[in-house]
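Heads up: the structure comes next, in structure tokens.
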Amino acid sequence: MNRYANIFQKDATKYYGAPFDDAGAGITLRSSDLVNFRVYKVILAKASPVFKDMFSQGPAMREADEKETGTGHDQSTVFPVPEDSHTLAALLTLCYPLDPPILSTLEEMASVIAAAKKYGMDPAYKLATRTFAESQLLRERPRMAYGIMCRYRLEHEARVAARACLQKPLELDALDEELPFIDGRALRELWRYHRQCTAAVVALTQPENFGWITRRPGELWEFPQDVCRCGRLKYTIGENQARWCWWPKHWWNEYMQRANVALKDVPCGDTVTARDILRPSFQDSEVCDKCKGNLVDCMLEFSQYFADTIEAEISKIAIELPF
């Protein structure tokens, strides 16, 4: 059976319309759902080495465009492609000097990213994958995004989605509508990744692992051994000649305890800079007058340093993708 049997059914085809309807374009791309796109060969050849090679091998067919001319003498060079019309329209828009397409679903983003990658359209791929990484959909439904990107076998995007999953608890009840989009092996690997990241960042809250807290004179959170009525603890950090003593106040210790609990559910940097974690220290009635003056700046500064340390630790851990 001819593999182009369906895609060359002229009676079933239609034209997409502007801006891909210029009769002088010379090339017609036909989508899997039988929609024709008139495109300029020079633009696609510049945008895609795959299309450039395809054009050099000659057309898949030539078809008289009677609908346009009424004469049957205007020959259109037709190249069938496996992408549907929605994906093809978005992909071509990324190649033309037009406003970027609006990709309103994760499925659309994945199909366009996969197509841009397949055809070697580097600028289009970079723009599409950046749109995905910055999308509200990724932030709201990272588990769904991870499952879809795994299905399309998009490694970079699957890793971006997996990391975004760290910003939410990974519990079956929390998965809700996203669960059907993740197959069993993909979910298992995501679960392992989430647990590994959780263990790594929770360990940072343990006194025996405070080596990441380096001595930085001039920092508000250096906490010198001065006298005030705020309770404090003594920690010895580092080894041998690099050892030093640190005397953090009680409100810092309580912040770290809250961070320890919160990171077990949501292991990411944003967790330790969240208002709910910081606010109790700001509102602590037992803070002395001497500390009140710089407590807020101190905690904001330290929490950001802590968040950066957490993100750096997570970057050391790679998810084992199921493809």
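Worth a mention:
- Residue ID - farthest from the chain's Cα centre (by Cα), chosen from residues in the range 140-177 that are part of a helix (DSSP H, G or I) and of a type in the set (Asp, Glu): 173
- Taken together, 106, 137 contain a single residue that is within 16 Å of residue 186 (Cβ to Cβ), at pLDDT 95 or above and within 13 Å of the chain's Cα centre (by Cα), which is 106.
- Put simply, of 163, 195 the only residue that is within 30 Å of residue 260 (Cα to Cα) and in contact (Cβ under 8 Å) with a residue 12 or more places away in the chain is 163.
- Across the range 100-117, the qualifying residues are those that are out of contact with any Ser or Thr (no Cβ under 8 Å at 6 or more places or on another chain) and not in a helix (DSSP H, G or I), and the one among them that is nearest to residue 160 (Cα to Cα) is 105.
- Applying the set (1) surrounded by 13 or more Cβ atoms within 10 Å (Cβ to Cβ); (2) over 14 Å from residue 204 (Cβ atoms); (3) not hydrophobic (A, V, I, L, M, F, W, C) to residue 313 leaves exactly one unmet item: (2).
- Taken over the range 20-31, the residue count meeting the criterion of being polar (S, T, N, Q) and under 15 Å from residue 119 (Cβ atoms) is 1.
This table checks each residue for (1) surrounded by 13 or more Cβ atoms within 10 Å (Cβ to Cβ); (2) modelled with pLDDT of 90 or more; (3) out of contact with any helix residue (DSSP H, G or I) (no Cβ under 9 Å at 6 or more places or on another chain); (4) assigned to a loop (DSSP other than H, G, I, E, B).
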residue	(1), (2), (3), (4)
23	no, no, no, yes
28	yes, yes, yes, no
33	yes, yes, no, yes
39	yes, yes, no, no
45	yes, yes, no, no
55	yes, no, no, no
58	no, no, yes, yes
63	yes, no, no, no
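- No other residue among 124, 133 is under 19 Å from residue 89 (Cβ atoms) and among the aliphatic types (A, V, I, L, M) apart from 124.
- Residue 321 meets the conditions (1) in contact with a Lys or Arg (Cβ under 9 Å, 6 or more places away or on another chain); (2) of a type outside the set (Val, Ile, Thr); (3) surrounded by fewer than 17 Cβ atoms within 10 Å (Cβ to Cβ) in every case but one. The failed one is (3).
- Scoring residue 120 on the criteria (1) assigned to a helix (DSSP H, G or I); (2) at pLDDT 95 or above leaves a single failure, condition (1).
- Residue in the range 274-304 that is farthest from residue 167 (Cα to Cα), counting only those that are under 29 Å from the mean Cα position of the chain (by Cα), surrounded by fewer than 18 Cβ atoms within 10 Å (Cβ to Cβ) and without any contact (Cβ under 8 Å) to a residue 60 or more places away in the chain: 300
- Test: residue 228 is touching a helix residue (DSSP H, G or I) at 6+ places or on another chain (Cβ under 6 Å) and at pLDDT below 95: yes
- The range 156-179, subset of a type in the set (D, E, K, R) and surrounded by 14 or more Cβ atoms within 10 Å (Cβ to Cβ), residue farthest from residue 112 (Cα to Cα): 168
- Test for residue 5: is it out of contact with any Lys or Arg (no Cβ under 8 Å at 6 or more places or on another chain) and either modelled with pLDDT of 95 or more or exposed (fewer than 15 other Cβ atoms within 10 Å of the Cβ) (or both): yes
The values are calculated or read from the model by the stated rules, or taken from the named source; none is laboratory data. Computed from a predicted structure; not experimentally measured. Glycine gets a Cβ as well: all are built from the backbone with ideal geometry, and neighbour counts include every protein chain shown.
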